[in-house]
Amino acid sequence: MPELHIGHSYKYTVLRLKQEWKRHHWGPLSARITIRSRETCADAVCTVDNSPEFDYDDSLEPVQHPPPESTQATEDSAAQPLTRQVVPGELFVKVRGGEVVFAAGYHAIRVDLGRGGSMTIVPNETYAKVFSDEQNSIAAIVGEEHTFAMVDPAGHLRFHVMSLSRPWTEADLRRGSSLWPKLWSATSGPDWIDECEEAEEALDRWRKSVLSGKAVVAQAEITSRSKKSCGDSEGCDIVNDEDEVEACLVEDAPSLPSLLDVMLNTPSVFNGYGPHTAQDLLYQLGIWPTMPPENLCADNTAFAEFKAALVSYAAQFVSSVYRTRCLKVPTYNEYDDTNPQRDENYYSQYLKVFRKCTIRIPRDLYNEYVKRGLLDPSHTIGEPYSYNEDDLIFVKYREVPVYQYSEGSGEPIYSVICARRPPGWKYSGASVISQGAQDVRHPGSPVVVGPNAFHIYLNRNPPGPDSDAADTPGPSKGGRRPTVRTGRPGRPAKGRPRAADVRQRASQARIEMIHERAVKLASSSNAPSDVAGSGRVGSGMEENPAPPRKRIRYGRTYNATTDSRRTRSTSEAHT
């Protein structure tokens, strides 16, 4: 399931486009939902809801001819109603966690972009040229002049078709409508942006279930252990002491449940929180990602901070600051007019530890990490710790490496915490591999994240020379600058590089510099304390340096002597 900020970013972009269309054309934006039916459009990718509420009949839209986007339609496709020309209608959009619902005309689709899918908005003529099967564009919402294309390079996109016998309305997508429970998957829970109160109530119920289930699980573990030790179910002494129960649980359970796993696999409570948002949230709270949820729920203070952070962290992705820095209102040249600064803003300001090699920790958070011993490899998380006052910083931030922890074939986790984990926690055994994380911004990274993921993917994987998109203006190509031949004598001059090429080269050079700095930080023995607040490795800069001397600027002088200096403004010629 995608991250919560992705769906809300797409919703904002669609609503802004609707607003611009209404302002210029004095009417609602009409669109039609189409599917580029391929052999991948099987039941595993596309499903159709046959509930009594969705009483669509094929006679409402007589078959005319397939739209140009679905020339490869198959008769037995699960999405057969949308592989032909359908009646357009006003476009509506609704988001809940990691799921997005688009409705237009008689049809609506619930889109689950997965962890690698994205949506891009392009002009209709560009869609026909650029998007082919090579780009894995399965579904699209074709508007009057723009197309909302669902792009899935990784092949994880899933969508669910819901059709009515009447056109969809905005009221159908509101909470409390008769169709609201049918719009979302069965495991979908409240949204942490639009349904905060319901989400907090679900979180409180989850906490109660965790605390109440802990005693049951503990008793079952002790019972199983006692039976195994004595070999008979009768006459065995069941341990009832709470301290011994806890000790037995840690001893017997090689891997206790992980808080990160719960957040990723419980959409009824943590709807929309994925690997990126969950790990970045836990970093801001100073929580090891695989800490058992019982430890969090048993601490009232820690749980209250966790509950408040779930709301505040999600709210930043609908703020005007985030939308201005990282999103863009679609225009007619959306495909070739990509601004790399938006991607840089997202990676530097809203991507913390997930797939990053270094991070600049603010002063207060860094000092909290130091006081709790989370940056001390010889300390065990949760045990008493005496910190050194000299380890605290007074500068604005300190740059530390991000570590990638892997165990077996599971997904790696990312954290700046290098303290030892208690026995029984996941990623605490001898088989855990710890290494410096590879930055997602590095040119060799195969993964892209963020609302502009498709454009980043296209820059790293440009269309081939035989593709239909080769003639479409797209990302700049490398190579020598062209030779400018004017017919004049002398050596021909070289053409100037485009401004976009210069920015791209500068950005790539900066990314490579960050990666090299991360390697140095990770290879040093005391990496977290080697870097000062300036972000330079091994600079030797003091934590509380003296303020720099004010630079004295002198005007241009003439007739100046060693004893007296007169500027142009105070010279006799100007008096």
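For this structure, a couple of remarks:
- Taking 0.36 nm per residue of sequence separation and removing the Cα-Cα distance, the Ala302/Glu20 pair yields an extension gain of 97.0 nm.
- For Ala171 and Val432, a Förster radius of 51 Å and the Cβ-Cβ distance give a FRET efficiency of 0.45, rounded to the nearest 0.05.
- Near Glu368: Cβ cut-off under 14 Å, other residues only, Lys/Arg at +1 and Asp/Glu at -1. The net charge is 0.
- Charged neighbours of Leu29, selected by a Cβ distance under 10 Å, balance to -2 (K, R count +1; D, E count -1).
- Out-of-range pairs (alpha-carbon distance over 28 Å; input Lys11/Lys208; Lys94/Lys328; Lys11/Lys129): Lys11/Lys208
- Ser165 sits among other residues whose Cβ lies under 12 Å from its own Cβ, and their net charge, with Lys and Arg +1 and Asp and Glu -1, is -4.
- Near Glu144, the amide H atoms lying under 5 Å from its own belong to Ser30; only residues 5 or more places off or on other chains count, and H is placed 1.01 Å from N.
- If you take the Cα centroid of the range 338-360 and the Cα centroid of the range 260-322, the two points sit 20 Å apart.
- Surface accessible to a 1.4 Å probe, Phe394 within the full protein complex, Å²: 140 Å²
The values are calculated or read from the model by the stated rules, or taken from the named source; none is laboratory data. Worth saying up front: this structure is predicted, and the values here are computed from it rather than measured. Please note: Cβ atoms are built from the backbone with ideal geometry, for glycine as well, and neighbour counts cover all protein chains shown. SASA here: full protein model, heavy atoms, side chains in, ligands and nucleic acids out. Shrake-Rupley method; radii C 1.70, N 1.55, O 1.52, S 1.80 Å.
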